[in-house]
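So the structure is just underneath, and the comments pick up after that.
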Amino acid sequence: MPISSGMQRAGFVNGDVFIKMRSATALYKQSLNRLRNSNIDVISSELNDCLLAKDCNTFWKCLKNKFGMSNSSSTHAVNGNTDNALIAESFADYFSRVCTPNCAVQNTKLYDIFVRKFEHYVGADMAVDVNSQTVHEIISKLRPGKAPSGDGIMNEHLLYCDPIISLILARLFKAMLCHSYVPQSFGLGIVIPLLKGINLDKSYFLSITFYL
């Protein structure tokens, strides 16, 4: 039972001792909160500096030290494989087959129907004006310190390069809309497997894709 509750039940709720005790308790809690917040700020700053410097090793060391994470990690086997390369190939094969048609004959039939209809398809007129000013405003809102894309381009490249990049990108986007064409590289991504249970069979993993 807390001391303050015991003193209240005993009737000591108005004396100097009780007032000083309540004041000391409040001051103690405030000090703990300040210490906790300062530690969080220090940890956040250190981790942020590591990320900005692209220092992955120091980042993980700092994270493990601050949060008491063990350096020893148990070896996990996915479908009996413990080799990282084999596990990656196994996931690549599994997730690629997710988008494979169940019936090749039916897929061909539906594809032919789509092609015949698409030949006579006329889309709605799109009065989309992509100008350099709009592109410049979007670029200015990009946040630094983010991971680069697959081609190594980072937000900082766009933020700090010559302003003519806005005009070049605006022309690129206009050409894409005009010709109804999107480069294949715009569809590349990295698949991250997420375990949805305790079974390490690959069929128990979900996938999320970060587009490059």
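The values are calculated or read from the model by the stated rules, or taken from the named source; none is laboratory data. Everything numeric here is computed off the predicted structure, so don't read it as measured data. As a convention, Cβ positions derive from the backbone with ideal geometry for all residues, glycine included, and neighbour counts pool all protein chains shown.
For segment 130-147, the set of residues classified as of a type outside the set (S, T, N, Q), closer than 26 Å to Gln184 by Cβ and at pLDDT 80 or above consists of Val130, Val135, Ile138, Ile139, Leu142, Lys146, listed by residue number. Of the helices (runs of 4 or more DSSP H) lying entirely inside segment 72-175, not one carries at least 1 residues that are closer than 20 Å to Leu195 by Cα, more than 25 Å from the chain's Cα centre (by Cα) and in contact (Cβ under 8 Å) with a residue 40 or more places away in the chain. Between Lys202, Lys196, the distinction of being within 30 Å of Thr82 (Cα to Cα), exposed (fewer than 13 other Cβ atoms within 10 Å of the Cβ) and in contact with a strand residue (DSSP E or B) (Cβ under 7 Å, 6 or more places away or on another chain) belongs to Lys196 only.
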